[in-house]
Every structure is written in C-alpha cells, then in structure tokens.
C-alpha cells in the first residue's frame with residue numbers, strides 16, 4: 001500500500017515534532033479533537049467555494065491528523081481507547097469534508113453525476129475503513145490496497161488546488177471501492193484454507 005511507503009518517510013519527522021508538541025501537555029486525544037475541528041474548517045472553506053485554500057488546509061488538517069499518534073508514542077500514552085477514538089473521529093473528519101464538497105457541488109449545480117460520484121466516494125471510503133476493522137476483528141491484517149486515508153486526502157487536496165473537484169471524485173469513487181475489493185479478496189485468501 002502507498003500509505004506504508006508514505007508512512008515510513010514521514011514517521012521519523014512526526015516523531016520529532018511529537019517531542020515538541022508533548023511539551024504543550026495536551027493529551028493525544030486533544031490533538032485528535034483539534035484535527036476534527038480543523039477538518040470542519042476545511043469543509044466550511046470548500047463549501048464557500050474557495051477550493052485552493054480548502055485544498056491547502058486539507059493537507060494541513062491531514063498532517064495534523066497524524067500528530068496524535070506521534071504524541072501518544074512520545075509520551076507513552078498509547079491506549080486502546082485512544083486508537084479507537086482516533087479512528088472514529090477520522091471517519092467523521094472525512095465525512096465532514098465531503099459534506100462541504102457536497103454543498104459546493106449543489107451551489108454550482110454540478111449535476112447528478114457529480115453527486116453520484118460523491119456518494120460512491122463516501123461509501124468506498126467508509127468500506128475501506130470497515131473492511132480493515134472487520135478483518136482485524138477476525139485476526140487478519142488487512143492493511144493492503146491502493147488508497148487508504150492518507151492517499152485520499154492528498155489526492156483530493158491536490159485536485160482541489162487545481163480546481164478539479166469532479167475529477168477527484170471520479171478517481172476516488174473508483175479507487176476507494178477497488179481498495180475495498182482488494183481487501184475483501186485479501187481476507188478471503190488469508191482465511192479460506194483454515195475454513196475448508
């Protein structure tokens with residue numbers, strides 16, 4: 001998965017930043033909430049039609065989303081609830097940004113196709129996360145596939161900056177659901193021999 005490559009490149013830098021942020025004495029969960037609030041700001045900006053600023057802010061908010069984990073590792077405050085809380089608010093954050101995009105598309109009368117693509121993107125994004133969570137509940141590592149959340153954020157942000165929201169949705173509608181299919185196939189392949 002592309003996320004693994006990206007993650008390996010930025011993890012050391014985030015760890016370093018985590019040392020500085022830990023001095024604020026804010027908990028990792030507080031950073032998770034701040035990340036959600038930043039994504040609400042992103043949604044408002046996109047809904048208002050300022051796609052360039054919205055795209056830039058989406059990158060900032062996306063980077064901030066990863067800081068809670070870095071602070072948790074640095075401070076030794078990694079908890080099961082923290083991981084659960086982070087994953088849950090990540091889903092809200094993504095949905096809120098798409099809602100902002102929905103308002104924008106309705107405002108410019110982008111048409112039925114764009115709305116359908118947005119719906120397919122939301123469903124695909126949720127299913128990418130759900131298939132991983134459900135696989136892990138079945139003791140299968142399902143961190144596979146083309147597009148996890150970091151890739152989705154980067155793609156959407158870049159194409160918003162270039163004023164191509166519908167193109168972003170075409171790509172996301174396809175790759176999110178393709179990633180879901182990849183994970184379903186992966187779990188089937190990992191489990192089929194033990195259940196025959």
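The values are calculated or read from the model by the stated rules, or taken from the named source; none is laboratory data. This one's a predicted model, so the numbers in the text were calculated from it and none came from an experiment. Cβ placement follows ideal geometry from the backbone for every residue including glycine, while neighbour counts extend to all protein chains displayed.
Listing for the model above:
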quantity	calculated
Whichever residue in the stretch 48-66 is within 29 Å of residue 110 (Cα to Cα) and surrounded by 19 or more Cβ atoms within 10 Å (Cβ to Cβ) and, among such residues, is farthest from the chain's Cα centre (by Cα)	51
The stretch 166-185 residues that are over 24 Å from residue 103 (Cβ atoms), paired with ones that are surrounded by fewer than 20 Cβ atoms within 10 Å (Cβ to Cβ) and at pLDDT 95 or above (beta carbon under 6 Å, 6 or more apart)	180/127
The stretch 73-112, residues that are over 30 Å from residue 23 (Cβ atoms), out of contact with any helix residue (DSSP H, G or I) (no Cβ under 8 Å at 6 or more places or on another chain) and not in a loop (DSSP other than H, G, I, E, B)	112
Answer residue from the stretch 136-151, given it is free of Cβ contacts under 8 Å to residues at least 60 places away in the same chain and in contact with a helix residue (DSSP H, G or I) (Cβ under 6 Å, 6 or more places away or on another chain) and is surrounded by the fewest Cβ atoms within 10 Å (Cβ to Cβ) among those	140
Checklist (1) surrounded by fewer than 15 Cβ atoms within 10 Å (Cβ to Cβ); (2) without any contact (Cβ under 8 Å) to a residue 40 or more places away in the chain applied to residue 122, failing item	(1)
Residue count, the stretch 152-161 (criterion: without any contact (Cβ under 8 Å) to a residue 60 or more places away in the chain and either surrounded by fewer than 19 Cβ atoms within 10 Å (Cβ to Cβ) or more than 20 Å from residue 88 (Cβ to Cβ) (or both))	1
Residues of the stretch 67-83 that turn out to be under 18 Å from residue 129 (Cβ atoms) and crowded, with 22+ Cβ neighbours inside 10 Å, as a count	1
Test: residue 122 is in contact with a helix residue (DSSP H, G or I) (Cβ under 7 Å, 6 or more places away or on another chain), part of a helix (DSSP H, G or I), over 19 Å from residue 161 (Cα atoms) and modelled with pLDDT of 95 or more	yes
Candidates 29, 8, 39, filtered to the one that is buried (at least 18 other Cβ atoms within 10 Å of the Cβ), within 30 Å of residue 181 (Cα to Cα) and either in contact with a helix residue (DSSP H, G or I) (Cβ under 7 Å, 6 or more places away or on another chain) or at pLDDT below 65 (or both)	39
